[in-house]
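In what follows, a structure is listed as structure tokens, so that the remarks can point back to it.
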Amino acid sequence: MPDTGGTRKSGGVHLRPFGNAGENTSKYAGVREWQAELSISQLFRTSIRLQKAFDRCFSRFRVTAQEAAVLVHCAEEGETSAGRLAKAMGRDKGKITRFVDRLEASGFLSRRSDPDDHRLLIIKATGRGRRVAPQLKARFEEIRSQFFQGIPSGDINQFEAVLSQLHENAGRLAEPKPANTVLRPATRSERH
């Protein structure tokens, strides 16, 4: 393999090892370091391809994959709130509200005030939404089936376990961390 100055090319993406060249700062030493980098890159690329497949599949309904998932959930739940929907879908309330806005404008969902608490809105699928939801769910199942085609069920189970752990790890990475140091103005000697 030709020397590429510490980078490796994989699927059109230039990858660099973790840390500085010649420095072993990662717990993934040597080959494991490259495997981790390749795995993360492959995970991103696979996620993008899968998202495109879902969006192409749902385009005839004029909804995105995320909107389709919200609609299916609402049709199956009956009535829900934005907060419960956000928790169930693993999204923030602002994003869910935007999905609901679009689905309501398309006539798939409706909202009304909660009679017990007028600050809350009740979200539910309309008749049109309930009629379309089973078709959307069937499309999700088709893509899921095609996505795992040719992979033994034992491998799928192992993949799901690993993916679940990766999801948990990513969640911890995404949490805001408290600052370890308090910033103060630089002293005169530190500025020079």
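The values are calculated or read from the model by the stated rules, or taken from the named source; none is laboratory data. Small disclaimer: the values here were computed from a predicted structure and weren't measured. Cβ coordinates were reconstructed from backbone atoms using ideal geometry, including for glycine residues, and neighbour counts include every protein chain displayed.
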Discussion item. Quick check on this structure: which one of F140, F148 is among the hydrophobic types (A, V, I, L, M, F, W, C) and in contact (Cβ under 8 Å) with a residue 60 or more places away in the chain?
Written reply: F140
Response to the item:
Of the residues in the stretch 37-71, those that are surrounded by 11 or more Cβ atoms within 10 Å (Cβ to Cβ) and in a loop (DSSP other than H, G, I, E, B) come to V63, T64
Discussion item. Of the conditions (1) within 27 Å of L71 (Cβ to Cβ); (2) under 20 Å from the mean Cα position of the chain (by Cα), R131 satisfies every one except a single condition; which number is it?
Written reply: (2)
Practice prompt. Mind listing whichever residues of the stretch 103-112 are buried (at least 17 other Cβ atoms within 10 Å of the Cβ) and in a helix (DSSP H, G or I)?
Written response: L103
Worksheet item: Only one of these conditions is not met by R119: (1) outside any helix (DSSP H, G or I); (2) surrounded by 10 or more Cβ atoms within 10 Å (Cβ to Cβ); (3) touching a strand residue (DSSP E or B) at 6+ places or on another chain (Cβ under 9 Å). Which number is it?
Response: (2)
Response to the item:
Subset of the stretch 92-108, residues under 20 Å from C57 (Cβ atoms) and touching a Leu at 6+ places or on another chain (Cβ under 8 Å), comes to L103, F108
Discussion item. Please go through the stretch 72-102 and give me each residue that is within 12 Å of I122 (Cα to Cα) and outside any helix (DSSP H, G or I), ordered by number.
Written reply: G78, E79, T80, S81
Item to complete: Give just the number: which of (1) modelled with pLDDT of 90 or more; (2) assigned to a helix (DSSP H, G or I); (3) surrounded by 10 or more Cβ atoms within 10 Å (Cβ to Cβ) does S145 not satisfy?
Response: (3)
Worksheet item: Do we have any residue at all in the stretch 112-126 that's closer than 20 Å to V63 by Cα and free of Cβ contacts under 8 Å to residues at least 12 places away in the same chain?
Response: no
